[in-house]
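Enquirer: Before I ask anything, let me first share the structure, which is written out below as structure tokens.
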Amino acid sequence: MQVNVQKIFGKWDIGYSLDKHTISSTFTGNNEYGHPTFDTTRTEIGEALYQLKYNSDRNKVTMLAKQIVDSLGNHFQSASLIIPMPPSKQRIFQPVKEIAKQVAVMMNVPYNENLLVKTSSTDQMKNIPLKEERIKALCSAFKVNDALADGQYNVLIVDDLYDTGSSLEAATVILKQYTKINKIFVVTITRKSP
């Protein structure tokens, strides 16, 4: 699979995204319910993520995890724990958790989905104009469970889509308050910006 890896910057120590999500999206009108429709062309990795999330193609989990490890595993060699970004929407099948589990298996690093949890919902972030205000609002929605043995851990957070980075930055802020966390790395499968 061809990817266009790009560094992403935030409060974390190291961050990367595999590729853009969308190449182009053209408005094609409204459907019979009045909802806008688009003719969208996605990158190869963006299409795989879309098929996993919206068409429940679970075969994409291993492929996406392998791409993370193949493209970025060297950057995260010092990771001693892998966690998924807590989902913003509750689903029976959580794609990010499944991808993070597979990354952990492939990298032979422990996985923990209960270290960082989302304890409450937040207002829609698009209604909060300033990034720092969005991060502050999101911080109040996250909690760290004291679920680790004594020691210092370098944590890799796996997420699906990087947009403004507010959620990942809030997660980083909360994790850095936990004394057992040393460094924080992030990886996203796709990104909205170039």
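The values are calculated or read from the model by the stated rules, or taken from the named source; none is laboratory data. Bear in mind that the values here come from a model prediction, so they are computed numbers and not experimental data. Here Cβ is always computed from backbone atoms with ideal geometry, including for glycine, and neighbour counts include all displayed protein chains.
Enquirer: Please work out which one of (1) over 30 Å from Asn55 (Cβ atoms); (2) surrounded by 14 or more Cβ atoms within 10 Å (Cβ to Cβ) is the condition Asp150 fails and give its number.
Expert: (2)
Enquirer: Scan the stretch 60-70 and give yes if some residue there is touching a residue at least 60 places away in the same chain (Cβ under 8 Å), more than 15 Å from the chain's Cα centre (by Cα) and on the phi < 0 side of the Ramachandran plot, otherwise no.
Expert: yes
Enquirer: List pairs: first residue in the stretch 163-178 and touching a residue at least 12 places away in the same chain (Cβ under 8 Å) and assigned to a loop (DSSP other than H, G, I, E, B), second residue crowded, with 17+ Cβ neighbours inside 10 Å and of a type in the set (Gly, Ala, Ser) anywhere in the structure, Cβ distance under 7 angstrom, at least six positions apart or on different chains.
Expert: So the pair list comes out as Gly165/Gly10.
Enquirer: Residues to consider are Val173, Val158, Val105, Val109; find the one that is hydrophobic (A, V, I, L, M, F, W, C), over 26 Å from Ser56 (Cα atoms) and either under 15 Å from the mean Cα position of the chain (by Cα) or modelled with pLDDT of 95 or more (or both).
Expert: On inspection, the qualifying residue turns out to be Val109.
Enquirer: Strands (runs of 3 or more DSSP E) wholly in the stretch 1-104 with at least 3 residues that are crowded, with 17+ Cβ neighbours inside 10 Å and among the hydroxyl-bearing types (Ser, Thr, Tyr) - which ones?
Expert: It comes to none.
Enquirer: So Lys143 ticks every box in (1) touching a helix residue (DSSP H, G or I) at 6+ places or on another chain (Cβ under 7 Å); (2) in a strand (DSSP E or B) but one. Which box is left unticked?
Expert: Of everything listed in (1) touching a helix residue (DSSP H, G or I) at 6+ places or on another chain (Cβ under 7 Å); (2) in a strand (DSSP E or B), Lys143 misses just condition (1).
Enquirer: Here are Thr172, Thr179, Thr164: which of them is in contact with a Gly (Cβ under 7 Å, 6 or more places away or on another chain) and farther than 14 Å from Ser88 by Cα?
Expert: Thr172
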